[in-house]
Amino acid sequence: MLRDCDLNEITDGKRYLLNDMVKADCNDCKGCSVCCHDMGASIVLDPLDCYRLSNALNRPFEAMLDSQLELNIVDGLILPNLKMKETPDKACVFLNDSNRCSIHPHRPGICRIFPLGRLYEENSFSYILQVNECPNDKKSKIKVSKWIDTPDLKKNQQFIADWHYFLKELHERLLAQGDEECIKKTTMQLLQFFYIEPYVSTQDFYTQFYTRLNHFKALSF
Ligand code: SF4
Ligand code: SF4
């Protein structure tokens, strides 16, 4: 998601890489679940997030749209996000009665890195520490790579950058074309290619993703 804001107001002013230590460890959150409430449509899911969720819950992407995910427009494209309950506390649908994440090992990338965020620059990205989002003022230092708790880290980081810059380029191309029909058709194709068409759960996600990416680019770029 593209955001236009002053980094000095929302971060500690530093950029972090995987081997850096960062004061982000909330020590198991100790009863807090603030960041799992009232997040609106901000927990946007990439294809890896949906692949993980679909495998963990044994539900195809389209079935999850009934109550767990929803679709919204993000930077001109239709993308899925986690749904918040329509109750007064607006909790994430995956927050259980003990205020814990019921899908913790399979949680989306945005939840994995919080209170870190990603800052995209020059075809790559670094991590930033968001200082106004988490009320825990007793955080400990932890290595970024340990905090984000993601296997195949090298492939994962490449995928995150490639997905971001692919969406950015697609959005810019569609804006330049300005053809409503073409925008509609391409955004539906994007959903179909990367989310609706099931991935093979026993095969490497990244291999499947890059096959689809190359195919999509050949058709649309
Ligand atoms: S706001 Fe901070 S302490 Fe609270 S649940 Fe989120 S990460 Fe944990
Ligand atoms: S998926 Fe889990 S960590 Fe993420 S907002 Fe929902 S309950 Fe919280």
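A few comments on the model shown:
- A straight line joining the Cα centroids of region 171-200 and region 117-148 runs 30 Å.
- Note on residue 217: lysines with a C-alpha under 19 Å away, same-chain residues under 8 apart excluded, are 168, 184, 185.
- Prolate/oblate/rounded call for region 16-120, Cα gyration tensor, a/c under 1.5 rounded: oblate
- Two-site label geometry, residue 211 and residue 184: point separation in nm, points 7 Å out along Cα→Cβ: 3.2 nm
- Packing-based exposure ordering (other Cβ within 10 Å, fewest first) of 195, 210: 210, 195
- Neighbour-count ranking [beta-carbon atoms within 10 angstrom, fewest first] of 78, 160: 78, 160
- Of all aspartates and glutamates in the structure, those lying under 12 Å Cα to Cα from residue 85, and not within fewer than 8 positions of it along the same chain, are 38, 70.
- Alpha-carbon spread of region 104-167, three principal axes, descending order, Å: 37, 25, 18
- With the convex hull drawn over the C-alpha atoms of region 115-221, the volume per residue is 155 Å³.
- With the convex hull constructed from alpha-carbon coordinates only, region 69-143 shows a mean projected area of 7.4 nm² over all directions.
- Relative intensity of the chain on a log10 scale, I(q)/I(0) at q = 0.08, 0.12 Å⁻¹, equals -0.30, -0.70, per a Debye sum over C-alpha point scatterers of equal strength in the absence of solvent.
- Given +1 at the Cβ of Lys and Arg, -1 at the Cβ of Asp and Glu and no other charges, the dipole of region 16-114 around its Cα centre is 240 debye to the nearest 20.
- Cα-derived Rg over Rh, computed across region 160-207 with Rh taken as Kirkwood radius: 1.07
- Straight-line reach from residue 14: taking Cα to Cα under 20 Å and skipping same-chain neighbours fewer than 8 places apart, the aspartates and glutamates in range are 4, 6, 25, 121, 122, 133, 137.
- With R₀ set to 41 Å, the beta-carbon distance separating residue 142 from residue 73 gives a calculated FRET efficiency near 0.75.
Throughout, read-outs are computed from the coordinates displayed, never taken from laboratory work. The structure presented is a predicted model; accordingly, all values stated were derived computationally and were not measured. Virtual Cβ from ideal backbone geometry, glycine too; neighbours counted across all protein chains shown.
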